[in-house]
Amino acid sequence: MNFADSDVLSAILSPRYEPTSDYKQADLILVNTCSIRDHAEQRVLNRLREFTALKKRRSGLYVGVVGCMAERMKDELLEEALQIDLVVGPDAYRQIPVLLDQLSTGGGKGMDVNLSTEETYHDIVPLRATENKVSAFVSIMRGCQNFCAYCVVPYTRGAERSRPFDSIIDEARALFEQGYREVTLLGQNVNSYHYQDVGFARLMASVAEIDPRLRVRFATSHPKDLSDELLATMAAYPNICRAIHLPVQSGSDTMLKRMNRKYTRDHYLQRVAAIRAALPDVSLSTDLIAGFCGETEAEHQDTLSLMREVEFDSAFMFKYSDRPGTFAHRHYQDDISEEVKTARLNEIIALQTELSLKCNQKYVGRTMEVLVEGLSEKRGKQYIGRNTQNKVVLFEPTGAEIKPGTYVQVNVKRCSAVTLLGDLV
Ligand code: SAM
Ligand code: SF4
């Protein structure tokens with residue numbers, strides 16, 4: 001989401017600034033921030049100290065904090081020690097040029113942290129700064145009002161709102177015409193997208209109909225809202241990718257209730273069964289939190305048993321981090337020690353590594369379509385791409401150059417828990 005927002009910011013700033021790859025040369029540095037865990041915020045604060053030191057050496061340099069941390073911390077960030085000039089929340093990016101004018105005419109530091117119930121930046125064409133011209137994020141909604149007990153997002157990003165249907169289709173079509181071959185539709189809870197009479201399944205179908213060579217992905221689905229209609233739409237369009245990210249957070253009913261996730265373990269497992277019935281070759285990934293408030297050893301074991309039952313292809317796994325302002329912060333005790341959180345997270349990671357390897361082994365010997373993204377940075381001469389299940393596939397070049405955005409067939413010979421390795425067919 002922040003990558004997509006940074007591209008919107010680049011577009012807003014483009015009449016006055018051009019991007020530089022060397023921040024030491026910059027006239028303006030905006031740090032786009034995440035508040036989801038304390039660790040992310042600490043890293044930003046360290047970075048800001050670095051920029052404050054740079055400011056002392058370079059007069060005329062402005063430093064701003066944008067995104068969720070700006071929204072959460074507000075004027076705390078303007079304290080003198082950090083020398084921040086701008087603090088702008090996720091719904092106020094259009095105000096940045098005005099605040100910059102204020103700064104340059106001696107009007108002082110600028111802050112706008114107003115949240116909106118309507119802003120979707122639908123009319124701003126993001127200026128995509130990424131090197132990869134194959135795959136792009138397209139924001140389809142903003143905000144969230146699920147209020148999971150642990151989560152800061154509803155407070156920093158405001159109420160849920162959907163972007164106008166036509167503006168999404170126009171952006172996706174323009175990307176395809178520029179040579180992009182994959183779009184990922186983004187929102188905190190994409191299944192609740194609705195604009196006038198268009199729901200998420202119809203939106204997906206319309207994006208898929210732009211061209212069969214355009215792959216369509218989405219993130220993130222909430223298990224309480226993933227509909228059979230969406231599964232039927234996915235099954236009907238081969239270019240809607242066979243990958244679903246369905247965060248479960250915990251395998252324990254008591255824990256899910258404390259987290260205010262609004263589904264049970266059984267409901268989650270039934271959704272997984274429906275997904276696999278509709279899309280037998282689908283890959284499933286999830287998010288898991290270790291050591292949420294009051295988590296007992298038995299509740300932790302429920303998470304491990306659910307992981308074994310579902311056999312996730314991959315997972316994002318986190319230690320619970322207490323976030324000021326959330327329901328959990330106000331009503332529960334962050335009572336699981338750091339040692340226990342770490343031990344439980346390590347168990348979860350070890351099990352997931354085993355499961356990921358097992359899932360990937362099923363692909364060895366199979367030939368599959370891979371969308372080439374380019375040459376792998378880490379592996380020098382190998383090409384890197386993804387299959388429809390969103391698995392990273394590496395293969396050796398054989399003669400003629402393959403352009404990013406080309407579809408090729410690859411026969412998988414080997415795998416690790418994170419990649420498939422094969423030969424071009
Ligand atoms: N909207 C998505 C959903 O509900 O599935 C997830 C959005 S959140 C940005 C990404 C993940 O961060 C969550 O699924 C959760 O696992 C994790 N997360 C959120 N708040 C957290 C917290 N306080 N501590 C640890 N992990 C957290
Ligand atoms: Fe946070 Fe829950 Fe909203 Fe996801 S659905 S962003 S975890 S409150």
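Exactly one residue out of V87, V44 is closer than 21 Å to S10 by Cβ and within 16 Å of ligand 1 (Cβ to nearest atom): that is V44.
Those strands (runs of 3 or more DSSP E) of region 182-291 in which 2 or more residues are more than 15 Å from ligand 2 (Cβ to nearest atom), under 20 Å from L355 (Cα atoms) and under 20 Å from the mean Cα position of the chain (by Cα) occupy 243-245, 283-290.
One line per residue, one yes/no per condition, for (1) surrounded by fewer than 20 Cβ atoms within 10 Å (Cβ to Cβ); (2) farther than 30 Å from S321 by Cα; (3) more than 16 Å from ligand 1 (Cβ to nearest atom); (4) not aliphatic (A, V, I, L, M):
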position	(1), (2), (3), (4)
E209	yes, yes, yes, yes
K224	yes, no, no, yes
L231	no, yes, yes, no
C241	no, yes, yes, yes
A274	yes, yes, yes, no
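Considered as a group, the residues in region 243-272 that are more than 15 Å from ligand 1 (Cβ to nearest atom) and of a type in the set (K, R) include one that is nearest to H331 (Cα to Cα), and that residue is K257.
Take the residues of region 125-146 that are buried (at least 19 other Cβ atoms within 10 Å of the Cβ), under 19 Å from R94 (Cα atoms) and more than 16 Å from ligand 2 (Cβ to nearest atom): which is nearest to the chain's Cα centre (by Cα)? It comes out as V138. The number of residues in region 248-261 that are in contact with a Lys or Arg (Cβ under 9 Å, 6 or more places away or on another chain) and crowded, with 19+ Cβ neighbours inside 10 Å comes to 8. Residue check: A149 meets all listed conditions (1) within 11 Å of ligand 2 (Cβ to nearest atom); (2) within 19 Å of L9 (Cα to Cα) but one, namely (2).
Here Y155 qualifies as part of a helix (DSSP H, G or I), within 24 Å of the chain's Cα centre (by Cα), among the aromatic types (F, W, Y) and within 16 Å of ligand 1 (Cβ to nearest atom). Comparison of E339, E311 shows that the only residue that is away from ligand 1 (no atom under 12 Å from the Cβ) and either surrounded by 15 or more Cβ atoms within 10 Å (Cβ to Cβ) or within 19 Å of P223 (Cα to Cα) (or both) is E311. Of all residues in region 142-154, those satisfying the criterion of being in contact with a Cys (Cβ under 9 Å, 6 or more places away or on another chain) and touching a residue at least 24 places away in the same chain (Cβ under 8 Å) are C144, A149, Y150, C151, V152, V153.
Within the bounds of region 164-172, is there any residue that is hydrophobic (A, V, I, L, M, F, W, C), away from ligand 1 (no atom under 13 Å from the Cβ), farther than 14 Å from R215 by Cα and modelled with pLDDT of 95 or more? Yes, some residue in region 164-172 is hydrophobic (A, V, I, L, M, F, W, C), away from ligand 1 (no atom under 13 Å from the Cβ), farther than 14 Å from R215 by Cα and modelled with pLDDT of 95 or more.
Within region 155-167, the set of residues being in contact (Cβ under 8 Å) with a residue 40 or more places away in the chain and away from ligand 2 (no atom under 13 Å from the Cβ) comprises R161, S162, R163, P164, F165, S167. Pairing each residue of region 316-328 that is closer than 17 Å to Q352 by Cβ with any residue that is within 13 Å of ligand 2 (Cβ to nearest atom) and assigned to a helix (DSSP H, G or I), provided the two are 6+ apart or on different chains, yields no C-beta distance under 8 Å. Report yes if some residue within region 344-359 is surrounded by fewer than 17 Cβ atoms within 10 Å (Cβ to Cβ), of a type in the set (K, R), more than 15 Å from ligand 1 (Cβ to nearest atom) and in a loop (DSSP other than H, G, I, E, B); otherwise report no. No, region 344-359 has no match at all.
Residues of region 292-316 that are hydrophobic (A, V, I, L, M, F, W, C) and assigned to a helix (DSSP H, G or I): A298, L304, L306, M307, V310.
Candidates V88, V134: the one that is in contact with a strand residue (DSSP E or B) (Cβ under 7 Å, 6 or more places away or on another chain) and over 25 Å from C68 (Cα atoms) is V134. Considering the conditions (1) touching a Leu at 6+ places or on another chain (Cβ under 8 Å); (2) closer than 25 Å to G158 by Cβ, R215 is excluded by exactly one of them, (2). Number of residues in region 317-334 that are within 13 Å of ligand 1 (Cβ to nearest atom) and either of a type in the set (D, E) or part of a loop (DSSP other than H, G, I, E, B) (or both): the value is 9.
Would you tally the residues in region 374-385 being part of a strand (DSSP E or B) and out of contact with any Asp or Glu (no Cβ under 7 Å at 6 or more places or on another chain)? Of the residues in that region, 3 qualify.
The values are calculated or read from the model by the stated rules, or taken from the named source; none is laboratory data. These figures come from a predicted structure and were not determined experimentally. Don't worry about glycine lacking a Cβ; one is built from the backbone with ideal geometry, like all the others, and counts go over all protein chains shown.
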